[in-house]
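*Asks:* Encoded as structure tokens, here's the structure I'll be asking about.
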Amino acid sequence: MEKRVTFKGIWLPLLLVLPQILITAIFFFYPAGQAIWQSLFIPDPFGLSMQWVGLGNFEYLLSDRFYRASFITTAVFSILVTVVSMGVALYLAILADRLIKGSGTYRTLLIWPYAVAPAVAGVLWLFMFNTRVGVVTWYLGLLGYDWNHVLNEGEAMGLVVVASAWGRISYNFLFFLAGLQAIPRSVIEAAAIDGAHFWTRFRTIVWPLLSPTTFFLLVVNIIYAFFETFGVIHTITSGGPQQATTILVYKVYSDGFVGQDLGSSAAQSVILLVIVSLLTVIQFKYIERRVHY
Amino acid sequence: MAEHSGMVEKRGAGLWLTHLGLIIGVAFIFFPIWLAFVASTVSQPEIVRPPMPLLPGDQFFENYSKALTAGINAPVALMLGNSLFMALGIAIGKIAISLLSAFAIVYFKFPGKKLFFWLIFLTLMLPVEVRIVPTYEVIANFGMLNSYQGLILPLIASATATFLFRQFFMTVPDELAEAARVDGAGPMRFFFDILLPMSRTNIAALFVILFIYGWNQYLWPLLITTDPSMNTIVMGIKQMFPSGDDIADWPVIMATSILAMVPPVLVVVGMQKLFIRGLVESEK
């Protein structure tokens, strides 16, 4: 933790940490504190005064049908995004890992969508599935399927899941491929000599050795699905139809900025804060373990 | 490369199937972007009478120049400039304050060091999305709505970069600082002449990641830039859709989408090694 050789001085180091401490205090701790403080009040309709309600906002939220629905929507959405993007990425990484030549080329071809913003991914998929001009919608129509994610809740969910997972495949592919390439070839070849076929080798050797990567990606992807997919949802469905795609972050935004319900929005922020902290703790626990082993 | 080929790699038919699977994957990744590109090169009537063509048309120049110079709410060239400014501000700002604070935390003993360390540590991974309403109020009180400071400063308040530099500085041999001290060089001299040049690769890798992070921001610019001339390109695309039942100007919107992708994609592909390094390091 500590350097053996350190420089002398008290004011210089304080001066050096000052910019970061100031920015963190003003734009992080103060707003986070405000969120916790505001979550204990409800403002009057004119915004002139605040009334103390204690945990009232939380009690209200937890009994609110829409909030509970948003929790379930978030759970379904995050699980689907995580499973789809990790599944496709793992499949492609396994294929690329089997190549002697060319895996680098495929890596280059597959990693760059990482740079595509979730909001832009949303616009791209919206364009393909647009009810009026979408190409995919039109071909589905030829097959007799009437696609309309503006009205159909399941289709709306499917579209935001695919658009969110699509942009995430590169990231997962990169980590899976690195994880696969770190597995010693000799171990796998020894199993092959013993007559183990691909699936046996995968189940008994590759998958267990890959599990640290898989676990890490699981946590990171859930965090991604919780927060960074806001752009996808805002561009494609705006949380609709009938709040079918209103995930928790979207609800903080729509209650706080569109609905101007500050107390409730602050309470929702605090709940999200707790969820992220838990996920972070899980991740650090895991990293600690990885360092020790 | 024959000497490297083990017995578990595929040959013959299996090899072709492997390539086929990968090509299907690449096609799935590329298809939406290809369609967007095609849409940005054809005229509006070709799109509103589906199915749209699947090969590029001849309206490339018209659509892109219309987007860049006129746009719909604001010229896209202006939005590109805003995005560039915001992404550079976030990347450079975060790297600068993190280098300084990591240097102080690793190379000095001073009162409150532990406290500062934990204060910075606490900000790890709590995204701005979680505290949007109060952060918005802070920015509004400072009069920073529709300003670059407002776009940049709240997104600099995070500890990932500080952590990374701290870890890297811990691996720098003690002899270097020792030698600097014996030579009578002050701490800042050591920082600029030895530590900074040694951190070059780490700085570059982090820069790539932070640039993309800054460029792709959506919610925050959406909240604080109500003036179209301050919109960033990523959030500005959605603002180009008409409200109500009017038909969107798809060729211009798709040209803007392509323009929004080009800078970060160039950064990722052009600096692939640094990008992968930055990604792996910053997630450790």
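Quick note: the coordinates plus some simple rules give every number you see, no bench work behind them. Being a predicted model, the structure only gives us computed values, none of them experimental. As a convention, Cβ positions derive from the backbone with ideal geometry for all residues, glycine included, and neighbour counts pool all protein chains shown.
*Asks:* Return the loop-located trypsin sites (Lys or Arg not before Pro) in region A:83-118 (DSSP other than H, G, I, E, B) with at most 13 other Cβ atoms within 10 Å of their own Cβ; answer none if there are none.
*Replies:* Working: sites: A:Arg98, A:Lys101, A:Arg107; in loops: A:Arg98, A:Lys101.
Answer by residue number: A:Lys101.
*Asks:* Within 10 Å of each Cβ of B:210-220, how many other protein chain Cβ atoms are there on average?
*Replies:* 4
*Asks:* Around A:Gln20, what is the net charge, scoring Lys/Arg as +1 and Asp/Glu as -1 over all other residues with Cβ under 14 Å from its Cβ?
*Replies:* +3
*Asks:* Oh, and also: Taking a ≥ b ≥ c as the square roots of the eigenvalues of the Cα gyration tensor of region A:71-115, is the shape rounded (a/c under 1.5), prolate (a/b larger than b/c) or oblate? Intermediate values should be presented prior to the final figure.
*Replies:* Numbers: a/c = 7.58, a/b = 2.37, b/c = 3.20.
Oblate is the answer for region A:71-115, as a/c is 1.5 or above yet b/c matches or exceeds a/b.
*Asks:* Relative contact order for chain B using alpha-carbon pairs under 8 Å, separation at least 6, rounded to a whole percent?
*Replies:* 30
*Asks:* Check every DSSP H run in chain B and write down those whose alpha carbon atoms cover 24 angstrom or more along the long axis and whose mean Kyte-Doolittle hydropathy is 0.0 or greater. Could you put the intermediate results ahead of the total?
*Replies:* Values: long enough: B:12-39 (39 Å, 1.96); B:76-107 (46 Å, 1.92); B:250-270 (29 Å, 1.98).
Helices passing the filter in chain B: B:12-39, B:76-107, B:250-270.
*Asks:* Right, here's the next one. When the dipole is taken about the Cα centre of the protein assembly as shown, and only Lys, Arg (+1) and Asp, Glu (-1) are charged at their Cβ, what size is it in debye, to the nearest 20?
*Replies:* Dipole of the protein assembly as shown, to the nearest 20 debye: 1600 debye.
*Asks:* So what is the relative contact order for chain A, in percent, with contacts set as C-alpha pairs under 8 Å and at least six apart?
*Replies:* Taking the mean separation of contacting Cα pairs over the length of chain A, I get 27 percent.
*Asks:* Report the number of Lys pairs in the protein assembly as shown whose alpha-carbons are under 16 Å apart, with separation of 8 or more residues or on distinct chains. Show your work: numbers first, answer last.
*Replies:* Numbers: A:Lys3/B:Lys109; A:Lys3/B:Lys113; A:Lys3/B:Lys114; A:Lys8/B:Lys109; A:Lys8/B:Lys113; A:Lys101/B:Lys10; A:Lys285/B:Lys284.
Pairs that pass both the separation and distance tests number 7.
*Asks:* In nm, to one decimal, how far is the A:Thr131 label point from the B:Ile23 one, both placed 7 Å along Cα→Cβ?
*Replies:* A separation of 3.9 nm, rounded to one decimal place.
*Asks:* What's the average, rounded to a whole number, of partner chain beta-carbon atoms within 10 Å of each residue's beta-carbon in A:98-108?
*Replies:* 4
*Asks:* Taking every residue in B:22-34, how many Cβ atoms of other protein chains lie within 10 Å of its Cβ, on average?
*Replies:* That average works out to 6.
*Asks:* Taking square-rooted eigenvalues a ≥ b ≥ c of the alpha carbon gyration tensor, is chain B rounded, prolate or oblate, where a/c under 1.5 means rounded and, failing that, a/b exceeding b/c means prolate?
*Replies:* Taking the square roots of the gyration eigenvalues as a ≥ b ≥ c, chain B is oblate.
*Asks:* In what order do A:His234, A:His149, B:His19, A:His197 fall by count of nearby beta-carbon atoms within 10 Å, going from fewest to most?
*Replies:* With the sparsest Cβ surroundings first, the list reads A:His197, B:His19, A:His234, A:His149.
*Asks:* How do B:Met271, A:Met128 rank when sorted from fewest to most other Cβ atoms within 10 Å of their own Cβ? Let's see the in-between values first.
*Replies:* On the way: B:Met271 17, A:Met128 21.
So the residues, fewest neighbours to most, are B:Met271, A:Met128.
*Asks:* Next up: How would you classify chain A from its alpha-carbon gyration tensor, with a ≥ b ≥ c the square roots of the eigenvalues: rounded for a/c under 1.5, else prolate if a/b is greater than b/c, otherwise oblate?
*Replies:* Note, shape of chain A comes out oblate.
*Asks:* Please find, in a Gaussian network model of chain A (springs between Cα atoms separated by less than 10 Å), the residue of A:Ser238, A:Ser49, A:Ser170 whose mean-square fluctuation is greatest.
*Replies:* A:Ser49
*Asks:* Of A:Phe176, A:Phe28, A:Phe227, which has the largest mean-square fluctuation in a 10 Å C-alpha GNM of chain A?
*Replies:* Maximum among the listed residues: A:Phe28.
*Asks:* Under a GNM of chain A (C-alpha, springs under 10 Å), which listed residue has the highest mean-square fluctuation: A:Gln243, A:Gln38, A:Gln51?
*Replies:* Comparing A:Gln243, A:Gln38, A:Gln51 in a Gaussian network model of chain A, the most mobile one is A:Gln51.
*Asks:* To continue, here is another question. List B:Arg166, A:Arg65 from most exposed to least, where exposure is judged by having the fewest other Cβ atoms within 10 Å.
*Replies:* Ordered by Cβ neighbours within 10 Å, fewest first: A:Arg65, B:Arg166.
*Asks:* For an R0 of 60 angstrom, estimate the FRET efficiency from the Cβ-Cβ distance between A:Trp138 and A:Phe29 and round to the nearest 0.05.
*Replies:* 0.70
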